[in-house]
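These notes concern the structure reproduced below.
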């Protein structure tokens, strides 16, 4: 789940989702024996959308919104272009069924050199 901790218009850099990306990501994981590393697919978001003939979906978020999505959906954050210099605060809450194997890709601490 992604939860904005306050109003988050697109200018503050909310989340965007690549339309129908969960379909090809899951197909890739079924075909490949190893899963894609937990790192950036690309910094070229328009190019990725073009390759997959998809749109980036986005919205203005408001306090109280909660976005629930599968880890298989390609998502990113917009750049913060707020003219007032405000920051967006949000939180991620991740969960899985207790009987599912832990995906070790998501067990590392993130830092500014992780490629995302």
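Every number here is computed from the coordinates shown, using simple stated rules; none is lab data. Note that the structure is a prediction, hence the values are computed from the model and not measured. Don't worry about glycine lacking a Cβ; one is built from the backbone with ideal geometry, like all the others, and counts go over all protein chains shown.
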Legend entry - Extended-chain gain in nm, criterion 0.36 nm per residue less alpha-carbon gap, residue 32 and residue 107: 24.9 nm
Inset, instruction - Can you tell me the equivalent ellipsoid semi-axes for the chain? Use √(5λ) from the Cα gyration tensor, largest first, whole Å. - result: 25, 18, 14
Inset, instruction - Could you please rank 7, 27, placing first whichever residue has the fewest other Cβ atoms within 10 Å of its Cβ? - result: 27, 7
Inset, instruction - Report, in degrees rounded to the nearest 10, the 0 to 90 angle that the Cα long axis of helix 21-31 makes with the longest principal axis of the chain. - result: 20 degrees
